[in-house]
Amino acid sequence: MSDPIKIVVIEDEVPIRRFLRSSLAPEDAVFFEEGEGEPGIRLVAQKNPDIVLLDLGLPDIDGLEVVRRLREWTAVPVIILSARGQEQDKIAALDAGADDYLTKPFSVGELMARIRVALRHSKQGQPVSEPRFESGGLVVDFERHLVTLDGDEVRLTPIEFKLVAELARHAGKVLTHTHLLRAVWGPAFEDATHTLRVHMGSIRQKIEPEPSRPKFIRTETGVGYRMLSE
Ligand code: CA
């Protein structure tokens, strides 16, 4: 038996807190909650949780500010719970150091899946530790700089390989356009989302059986991309 997961929820909507509490309780989770940002930050410091679920629209300080403040002293995984139509906020939160986001309304299954991914990443420390990534016939070998699909080598350009590798190292997590552009091209290219889209299109032609309905790399509209993990 493993220890229960300690979760801090910072969310001002009581019905959502109630929903989270009742859905997560059977998952062997201990639950602490706050309705505002400042006391929420203090609660994280007191409880040292395994994961933080954070709303962006809080009555006192912005959720974005909460992420920034937490990142000054803790690497605890933070999952944003966001209302629809706040893409810019979600991007800013991910770039500020949040690990993932869920758009309301979300299902319990989806939430648990994201929590598991976030916990796996935090336990691994640096996600680069795995020498290879494998999912549904797609293998990314980081050491040999090689991608295979059902055993056959996929011929990627160096840039395409870097993109696939970055997504695979963070499989299950959404990576923002800015994150990918910074990681692959460098900070001077943060605005080159069109270039990114062109390369992603080319990658999909090479690895996706049906490029218009991708099964490996999902588009998070307006935000970025996510490599799906098995
Ligand atoms: Ca709110």
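The values are calculated or read from the model by the stated rules, or taken from the named source; none is laboratory data. All values derive from a computational prediction rather than experimental measurement. No Cβ is skipped: glycine too gets one built from the backbone with ideal geometry, and neighbour counts run over all protein chains shown.
Quick notes on this structure:
- Restricted to the range 83-111, and to residues there that are free of Cβ contacts under 8 Å to residues at least 24 places away in the same chain and loosely packed, with under 15 Cβ neighbours inside 10 Å, the residue that is nearest to R182 (Cα to Cα) is Q88.
- Any hit, the range 62-74, residues being under 16 Å from the mean Cα position of the chain (by Cα), more than 16 Å from the ligand (Cβ to nearest atom) and aliphatic (A, V, I, L, M): no
- Total residues in the range 16-35, condition within 16 Å of the ligand (Cβ to nearest atom) and either surrounded by 16 or more Cβ atoms within 10 Å (Cβ to Cβ) or closer than 23 Å to L94 by Cα (or both): 7
- Considering the range 1-13, and only residues there that are touching a strand residue (DSSP E or B) at 6+ places or on another chain (Cβ under 6 Å) and in a loop (DSSP other than H, G, I, E, B), the residue that is farthest from V66 (Cα to Cα) turns out to be P4.
- In the range 1-15, residue nearest to V44 (Cα to Cα) [restricted to those that are within 16 Å of the ligand (Cβ to nearest atom) and surrounded by 18 or more Cβ atoms within 10 Å (Cβ to Cβ)]: V8
- Here is the figure for the range 39-50: residues that are surrounded by 14 or more Cβ atoms within 10 Å (Cβ to Cβ), out of contact with any Phe, Trp or Tyr (no Cβ under 6 Å at 6 or more places or on another chain) and closer than 12 Å to L70 by Cβ total 4.
- When residues of the range 36-49 are limited to those that are charged (D, E, K, R) and in contact with an Asp or Glu (Cβ under 9 Å, 6 or more places away or on another chain), the one nearest to the ligand (Cβ to nearest atom): E36
- Residues considered: I5, I10. Of these, the only one that is within 22 Å of the chain's Cα centre (by Cα) and at pLDDT 95 or above is I10.
- Of the residues making up the range 97-109, just one is among the charged types (D, E, K, R) and modelled with pLDDT under 90, namely K104.
- Taking the criterion of being within 22 Å of the chain's Cα centre (by Cα) and not in a helix (DSSP H, G or I), the only residue of the range 14-29 that qualifies is A29.
- Which listed residue is farther than 21 Å from F19 by Cβ and touching a Leu at 6+ places or on another chain (Cβ under 8 Å), from L64, L54: L64
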